[in-house]
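Let me begin by presenting the structure, written as structure tokens, before commenting on it.
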Amino acid sequence: MNVIAEIQRINQAELENGSVGTGASWHAKYADSAWVYAGNIPIQLTEGDIICVMSQFGEVEDINLVRDDDTGKSKGFAFLKYEDARSCVLAVDNLTGSKILGRSIRVDHVEKYRLPKHLAEEKGGDSVGADAGALSNQKHRTAPGHAYQGQELASAYDISKGQDLFAAGAIDMDPTTGR
């Protein structure tokens, strides 16, 4: 049985036995982690596209879309951090098995997120055991957008600053025609 079907089966069993939202739920094990894994993502999607989809279930604080080191192309999976761990439960329950561009995506909890290798190595160790919780006192390591710190991005968008949609020039529209 594949992982998507297994998650859906477990969720259905919880609904039937009434353990949803209790300590007996399988989600309780991940109550301290606000990170999810999203897999089988179409490679043409950008970080912004993934945030748009995932933000249906909570405020997204960080995303690490894993890319090929040589080509920069998406490998089809990402790690995403929500502001609140309860959003993870909603995302896992509601997005697992959903189709995006014809692909059934997998969304699952991440018990202990580890920093990308290049950030963990910068610290002087390896990525094993260098999880976000252990480095939480180093704000720049786990702050929103940490995976893209110091990297040139395709646009000037800064995930930690957001975007003011009401600022002058944010939307090029003729007020007389509405276009």
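No value in this document is a laboratory result; all are computed from the given coordinates. Note that the coordinates shown come from a computational prediction; the quantities given were computed from them, not determined experimentally. Cβ placement follows ideal geometry from the backbone for every residue including glycine, while neighbour counts extend to all protein chains displayed.
Where Lys and Arg each count +1 and Asp and Glu each count -1, what net charge lies around E14 among other residues with Cβ under 14 Å from its Cβ?
Net charge around E14: -1.
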Amide proton proximity set for R67, modelled H, under 5 Å, gap of 5+: K75
Estimated distance in nm for a label pair at S25 and T46, the labels positioned 7 Å out from Cα along Cα-to-Cβ: 3.4 nm
Please list, ordered by chain and number, the residues whose modelled amide H lies under 5 Å from the amide H of T96; skip anything fewer than 5 residues away on the same chain. V107
Which entries in K75/K117; K75/K112; K81/K112 show an alpha-carbon gap greater than 18 Å? K75/K112
Under 5 Å from the placed amide H of K112, counting only residues 5+ away or on other chains, we find none
